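Worksheet: the structure to be examined is printed underneath.
The values are calculated or read from the model by the stated rules, or taken from the named source; none is laboratory data. Bear in mind that the values here come from a model prediction, so they are computed numbers and not experimental data. In this analysis, Cβ positions are derived from the backbone assuming ideal geometry, glycine residues included, and neighbour counts consider all displayed protein chains. Keep in mind that these areas ignore ligands, DNA and RNA; they rest on the heavy atoms of the full protein, side chains included. Shrake-Rupley method; radii C 1.70, N 1.55, O 1.52, S 1.80 Å.
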Amino acid sequence: MVEELKSLDKTKDELNDIKKYYDFSSILLKDGGIKTRIIKQYLPIMNKLINAYLSKMNFFVNFNINENFEEIIKSRHRDEFKYENFSEGEKLRIDLSILFSFRQIAKMKNSVNTNLLIMDEILDGSLDLEGADQFFDLIDSLDNNTNIVVISHRGDQISDRFDRTLKFRSEEHTSELQSLAY
């Protein structure tokens, strides 16, 4: 029994050490921990980038995200709006601005620098012709090392905006390459 007690005491000590690490990790990862400090550090940059991208898409609102990721959106006249108040096209402009901002911050931080951007059916929904033109201007402004893949059902309407196009045909439950153009 003495040997068993020693073994159990040793196991207990090991588990207490593990618990200390878990408790410490829990404190760091809570909303008030290191995560909040990191978020607070990047929020001003992120908000500035989001507003710059919104301006590039001719959507002139003041968009800010706080440390709880709650949006504060004000119009030119300083009326306050919620994301839900906007049309689907305006929401897409906000979403794209946030997406490009996160991508830029990741690139600035050097933690993620990807040369691939895949946009699936971004042009098929709620963007009008003006919004689509602004989207194209935005992706044209990206560096030349970025490979952009845009998947769309509006291929005939937008194919002149791309260097290369692949056209697929859907038959039954499969897709088949129909044509390739350079």
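Between D13, D120, D133, which gets the highest mean-square fluctuation from a Gaussian network model of the chain, Cα cutoff 10 Å? Between D13, D120, D133, it is D13 that shows the largest mean-square fluctuation. Computed over the chain with a Gaussian network model linking Cα atoms closer than 10 Å, the most mobile of Q41, Q104, Q157 is Q157.
Compared with the dominant Cα axis of the chain, that is its longest principal axis, helix 2-29 is turned about 30°. Surface composition of the stretch 61-182: carbon plus sulfur atoms hold 45% of the accessible area, using a 1.4 angstrom probe and ignoring ligands, DNA and RNA. Gaussian network model of the chain, Cα springs within a sub-10 Å range: biggest mean-square fluctuation belongs to which of D163, D137, D17? Highest fluctuation among the options: D17. Which label belongs to the value computed from this structure, given these candidates for volume of the Cα convex hull per residue in Å³: (1) 232; (2) 158; (3) 169? Matching the structure shown: (1). Candidate cross-link partners of K91 among the lysines, defined by an alpha-carbon separation under 26 Å and a same-chain spacing of 8 or more, comprise K40, K48, K56, K74, K82, K107. Under the simplified labelling scheme, the K82-E171 pair shows an inter-label distance of 5.0 nm, with each label point 7 Å from Cα along Cα→Cβ. Probing with 1.4 Å while keeping every protein chain in the model, the per residue accessible area of the stretch 54-182 equals 68 Å². A helix-only calculation puts the chain at -16500 deg cm²/dmol for mean residue ellipticity at 222 nm, using -39500 (n - 2.57) for each DSSP H run of at least four residues, averaged over all residues.
Cα centroids of the stretch 91-105 and the stretch 22-63: how far apart, whole angstrom? Each part reduced to its Cα centre gives a spacing of 12 Å. The C-alpha atoms of the chain define a longest principal axis, and helix 129-140 lies at about 60 degrees to it. Take the Cα of D137, step 7 Å along the line toward its Cβ, and report every residue of the stretch 49-73 whose backbone nitrogen sits under 19 Å from that point. Label zone hits: 49-63. The residues neighbouring F100, those whose beta-carbon lies less than 12 Å from its own, together hold a net charge of +3 under the Lys/Arg +1, Asp/Glu -1 convention.
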